[in-house]
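A.B. asks: If you scroll down you'll find the structure; I have some questions about it.
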Amino acid sequence: MYRENYINSLRAEMVAMVEKNLTPVAKQYGYSEVPLESTIKWRPMVLILGNYSSGKSTLINEFLGADIQAIGQAPTDDSFTIITYDDAADDDQEIQVTQERDGKFLLNDPDYPFEILKKHGQRFSAHFRLKKVNSPFLKNLALIDTPGMLDSITERDRGYDYQEVIGDLAQLADLVLVLFDPHKAGTVRESHTSLRETITTRTFEDRVLFVLNRIDECASLSDLLQVYGTLCWNLSQITGRKDIPSILLTYSSRAAKNSTNHDEDRGFLYNLENQRQKLKNSVLDAPRYRLDNLATFVETHAERLDHFLEAILSYRKRLRRFNIRFGVMGVVISLIAGTAAVFTGVSAGFLGGFYDPLAIGAGSVAACLCMVFWMFLPMKYFKSVFHRNYLKNIDRLISIETQTRKDSWQAVRELAYKYIKKTNGRFSLRNVKQQYTDVHQVFIEGTREIRKALNELSNLKFNETAPAEEPAGAEVIENSVQSQAPGHSTPTSVS
Ligand SMILES: Nc1nc2c(ncn2[C@@H]2O[C@H](COP(=O)(O)OP(=O)(O)OP(=O)(O)O)[C@@H](O)[C@H]2O)c(=O)[nH]1
Ligand SMILES: [Mg+2]
C-alpha cells in the first residue's frame with residue numbers, strides 16, 4: 001500500500017508540474033494543441049498486441065479472473081477495447097462488465113487520454129470501445145485488447161490505418177506486450193510491419209515485452225526449441241537488434257486443459273517454468289513503468305521546449321543587437337547629414353551663422369528627415385536581409401554539440417522557423433526570457449527527485465499487488481504434466 005501511495009503521489013506531482021510549467025508554453029507556441037498532461041494524467045496502460053489467436057483475450061480474462069473478452073480459434077475480435085476499473089462498482093460482486101461505452105464517447109471525453117485518436121476516423125471509432133470491470137486486477141492500471149494481427153488484410157479492408165492506431169496507442173502505453181504463438185512464430189505480415197516500423201519508432205525498447213504463448217501446443221521439447229529459435233531469429237531480423245530480446249514462455253493452463261491435443265507428449269512442460277506469473281507481475285508493475293515514462297516524458301518535452309525557446313530568444317536578442325547597432329548608425333548618419341545641411345546653408349549664405357536659430361532648426365529637420373529615411377529604407381532592407389539569413393540558417397541560433405541536442409532540436413526546428421517567420425521577431429523579449437528560465441529549470445531539475453525516487457522504488461518490495469496464486473485450471477495442467485513427466489507416477493489425466 002505504501003508503495004502504491006508513493007507512486008501515486010509522485011505521479012500527481014509530475015502531472016501538476018507539466019500542467020503548470022510546460023503546457024502553457026506548449027499551447028502558446030503551437031507545440032501541442034491539447035494540454036500536454038492530457039495523455040499522461042490517466043491511469044497506467046498496458047497494450048496487448050499479437051498475432052490473431054495468439055491468446056491475448058484469454059490472457060486478459062485470466063488476469064481479470066472472469067470471461068470478459070470473447071475468445072475463439074479464428075480471428076475473433078476486430079475491436080480495440082480499453083478495459084478499466086469501475087471506481088463506482090462493488091468489489092464484492094461477481095467480476096463482470098459493469099459499464100460499456102462506445103468509441104464516440106471515449107474519443108470525446110476529456111477525462112480519457114484518447115482524443116489524439118480522433119484523427120483515425122469513423123471506422124476506427126466504430127471499432128473502439130470501453131469496458132469497465134470490477135476486477136481488483138485493474139485497480140492501478142488499464143488493459144488494451146487489440147484486434148489480432150493478420151496476414152492478408154490491408155489497411156483499406158480495416159477502414160482505418162491499423163499501424164498508425166497501434167503506433168499512437170504504443171505511445172500512450174506504459175508497457176506493450178507482444179504475443180506470438182507456436183503456429184506463426186513472428187511470421188505474420190502485420191506483426192512484421194508493426195515491429196519493424198511502428199513499435200520501434202513510437203515507443204522505447206524497454207517498454208516492449210515479447211511473449212511466446214500457447215507453448216503447451218508444442219509437440220515436444222525439441223519442437224518448442226525449434227519454435228523459440230525461429231522466433232528469436234525473426235525478431236532479431238525484424239527489430240535489427242543484435243542481441244536476442246528476452247521472450248517469456250507461457251501458456252494458459254485452463255486453455256491447455258480444454259485443448260484437444262491430448263495425445264501429444266507434454267511432459268517437457270514439467271521441466272519448464274510457466275512464466276505466466278512473471279508476466280502478470282510485469283503487468284502489475286505498470287504504475288512504476290508509468291513513473292519512469294512520465295520522467296522520460298517530462299525530460300523529452302522540457303528539453304524540446306527549452307531548445308525552442310532558446311532559439312527564438314537567441315533570434316530576438318540578435319535582432320535587438322541589430323536594431324541597436326543600426327539605430328546608432330542611423331543617428332550618427334543623421335547628425336552628420338544635419339551638420340552638413342547647416343554647413344551648406346551657411347556657406348551658401350542662406351543661413352546667418354552656426355548659432356542662428358534658423359540654422360539649428362534647419363539642421364534638426366534635415367537630421368530627422370535623414371533618420372526617417374534611414375529607418376524606412378536602408379534599415380528596413382538590412383532587417384529583411386537579416387531575417388532571411390537567419391531563417392535560411394536557423395541552426396545558427398542554437399549550439400548543437402551533442403546527438404541528443406540535435407535530435408530534440410530537430411523535433412522543434414520547424415516550429416521555431418514558422419514562429420520566427422510569422423512574427424518577424426515582434427514578440428516580447430522579457431516574456432520569452434521568463435518562460436525560458438522556467439522551462440530550463442524543469443529541464444535541468446524537474447525529474448531529478450523522481451529519478452531518485454525510482455531508484456528507491458526498485459528497492460521497495462512489490463508485494464500485495466501481485467497475488468502469487470496460479471490461475472484457475474493451473475492445477476489440472478500441472479497434474480497432467482506431472483503425470484506425463486518421466487519418472488512421475490501421479491495418476492491424473494487431463495481429459
Ligand atoms: N492450448 C492453448 N490454447 C490457448 C492458449 N491461449 C489461448 N488459447 C486458445 O486459443 C484460441 C484463441 O485465443 P484468444 O484469446 O481468442 O486469442 P486472441 O489473440 O485474443 O485472438 P484474436 O482476438 O482473434 O486476435 C482460443 O480458442 C483459446 O482457447 C494456450 O495457452 N494454450
Ligand atoms: Mg481477442
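Taken together, the values in this text are just the output of simple stated rules run on the coordinates, not laboratory data. Quick caveat: nothing in here was measured; it's all calculated off a predicted structure. All Cβ positions, even for glycine, are placed from backbone atoms using ideal geometry, and neighbour counts span all protein chains on display.
A.B. asks: Taking the chain, how much of its Cα-Cα pair set, in percent, is spaced more than 37 angstrom apart?
C.D. replies: Tail of P(r) above 37 Å: 45 percent of Cα pairs.
A.B. asks: Another one. Name the shape class, rounded, prolate or oblate, that the alpha-carbon gyration tensor gives for segment 301-452, where a ≥ b ≥ c are the square roots of its eigenvalues, rounded holds for a/c under 1.5, and otherwise prolate holds if a/b is larger than b/c and oblate otherwise.
C.D. replies: Verdict is prolate for segment 301-452.
A.B. asks: Ok, one more. In whole Hz, what ³J(HN,Hα) sequence does segment 243-257 give by Karplus (6.51, -1.76, 1.60; θ = phi - 60°), x for Gly and Pro?
C.D. replies: Per-residue couplings from phi come out as 7, 7, x, 6, 10, 7, 9, 9, 7, 8, 4, 5, 5, 5, 5 Hz.
A.B. asks: Something else about it: Can you compute the charge dipole magnitude of segment 249-382 about its Cα centre, using +1 on each Lys and Arg Cβ and -1 on each Asp and Glu Cβ, nothing else charged? Give it in debye, rounded to the nearest 20.
C.D. replies: 160
A.B. asks: Could you give the size of the charge dipole of segment 301-452 about its Cα centre, using +1 on the Cβ of each K and R and -1 on the Cβ of each D and E, expressed in debye and rounded to the nearest 20?
C.D. replies: 480
A.B. asks: Using the charge dipole of segment 305-420 (Lys, Arg: +1 at Cβ; Asp, Glu: -1 at Cβ; taken about the Cα centre), state which of 355, 345, 366 has its Cα farthest towards the positive end.
C.D. replies: 366
A.B. asks: Could you work out the helix-only [θ] at 222 nm for the chain, with each DSSP H run of four or more residues adding -39,500 (n - 2.57) and the total divided by the number of residues, to the nearest 500 deg cm²/dmol?
C.D. replies: -17000 deg cm²/dmol
A.B. asks: Calculate one ³J(HN,Hα) per residue across segment 376-382 by plugging θ = phi - 60° into the Karplus curve 6.51 cos²θ - 1.76 cosθ + 1.60, and present them in order as whole Hz with x for glycine and proline.
C.D. replies: 8, 10, x, 5, 4, 5, 5
A.B. asks: Enter the Cα centre distance for the pair segment 28-60 and segment 93-141, rounded to the nearest angstrom.
C.D. replies: Taking the Cα centre of each part, segment 28-60 and segment 93-141 sit 11 Å apart.
A.B. asks: If one takes the longest principal axis of the Cα atoms in the chain, at what angle in degrees, from 0 to 90 and to the nearest 10, does the Cα axis of helix 474-484 lie?
C.D. replies: Helix 474-484 and the main axis of the chain meet at about 50 degrees.
A.B. asks: To continue, here is another question. Of the options 322, 420, 404, report the single residue whose Cα projects farthest towards the positive end of the charge dipole of segment 301-452 (beta-carbon charges: Lys, Arg +1; Asp, Glu -1).
C.D. replies: Value computed over the given set: 404.
A.B. asks: Separate question: Step through the residues of segment 164-169 one at a time and calculate ³J(HN,Hα) from phi using the Karplus curve (6.51 cos²θ - 1.76 cosθ + 1.60, θ = phi - 60°), rounding each to whole Hz and writing x for Gly and Pro.
C.D. replies: 5, 5, 5, x, 5, 5
A.B. asks: Taking the Cα centre as origin and putting +1 on Lys and Arg beta-carbons and -1 on Asp and Glu beta-carbons, what dipole magnitude results for the chain, to the nearest 20 debye?
C.D. replies: 3780
A.B. asks: Next question, about the same structure. Select from 42, 228, 283 the residue farthest towards the positive end of the dipole of the chain; place +1 on Cβ of Lys and Arg, -1 on Cβ of Asp and Glu, and compute about the Cα centre.
C.D. replies: Highest projection toward the positive end goes to 42.
A.B. asks: Sequence-distant or interchain residues sharing an amide H contact under 5 Å with residue 99, placed H: which?
C.D. replies: 132
A.B. asks: Angle between the Cα long axis of helix 2-17 and the longest principal axis of the chain, 0 to 90 degrees, nearest 10?
C.D. replies: 30
A.B. asks: Express the relative contact order of the chain as a whole percentage, based on alpha carbon pairs under 8 Å and six or more residues apart in sequence.
C.D. replies: Taking the mean separation of contacting Cα pairs over the length of the chain, I get 17 percent.
A.B. asks: Once you keep just the Cα pairs under 8 angstrom separated by 6 or more residues, what percentage relative contact order results for segment 301-452?
C.D. replies: RCO, segment 301-452: 42 percent.
A.B. asks: Which loop-located chymotrypsin sites (Phe, Trp or Tyr not before Pro) does segment 341-399 contain, where loop means any DSSP state but H, G, I, E or B and the Cβ has at most 15 other Cβ atoms within 10 Å?
C.D. replies: Of the chymotrypsin sites (Phe, Trp or Tyr not before Pro), the ones in loops of segment 341-399 whose Cβ has at most 15 other Cβ atoms within 10 Å are 350, 354, 355.
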